[in-house]
């Protein structure tokens, strides 16, 4: 499907994207009841979200569940930026794994909110993002005894805007290898590796390898393409 920017909506609205109908309805009703925006629309998946934007115009803010069944976060956010480049994006999840927050930020979200936060914090996060700021929750508290463990979040090269080759090089960087060893392992020249490393650091918005390693600490990085 070819996407092009939609015409501006006649009034600001929030687009809630969550494949749990009860959650989507609860959030839309909360937003309406607290008059955080003029209106709120809830949909159950990415295709419905894109159709809604084409019909109503760009939302002021999109509140998107991280774990959507019908599409990857990175793909949907890329489509959203095309259709609604000025829309603010607040990701949500019940998963407190710090890698989820990193994944959301790396794909252009303006905020991340854990679903277990109380309503007043939810309202603060929405307002902050709407006003041009950011809101990224700290890692969630440890789960109660007997709760299911948090799942690891695989982060693929394309999720970071990297090519497969850059993903291979980043994997080596995260293991602490210098350019010369990376060049030997991947059968590249040191100059080529250096150029790729520079591009990777720029993409990650870090100044050096140490910051890159710190930024992706705890993330299950996968250099290849997602299946």
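Applying the condition of being within 22 Å of residue 216 (Cα to Cα) and in contact with a helix residue (DSSP H, G or I) (Cβ under 9 Å, 6 or more places away or on another chain) to region 187-197 and asking which residue is surrounded by the most Cβ atoms within 10 Å (Cβ to Cβ) yields 193.
For region 70-107, a residue qualifies if it is modelled with pLDDT of 85 or more and part of a loop (DSSP other than H, G, I, E, B), and the qualifying residues are 84, 85, 86, 87. The residues in region 126-135 that are loosely packed, with under 15 Cβ neighbours inside 10 Å and in contact (Cβ under 8 Å) with a residue 60 or more places away in the chain can be counted, and the count is 1. Only one entry in 31, 63 is touching a residue at least 40 places away in the same chain (Cβ under 8 Å), part of a helix (DSSP H, G or I) and in contact with a strand residue (DSSP E or B) (Cβ under 7 Å, 6 or more places away or on another chain), namely 31.
Taking the listed residues 202, 166, the one that is part of a helix (DSSP H, G or I) and crowded, with 17+ Cβ neighbours inside 10 Å is 166, with no other qualifying. Once region 126-163 is narrowed to residues that are assigned to a helix (DSSP H, G or I) and in contact with a strand residue (DSSP E or B) (Cβ under 8 Å, 6 or more places away or on another chain), the residue that is modelled with the lowest pLDDT is 157.
Being free of Cβ contacts under 8 Å to residues at least 12 places away in the same chain and assigned to a loop (DSSP other than H, G, I, E, B) is the filter here; which residues of region 108-125 pass it? Selection gives 118 alone.
The values are calculated or read from the model by the stated rules, or taken from the named source; none is laboratory data. Being a predicted model, the structure only gives us computed values, none of them experimental. For neighbour counting, all protein chains shown are included, and Cβ atoms are generated from backbone atoms with ideal geometry for every residue, glycine included.
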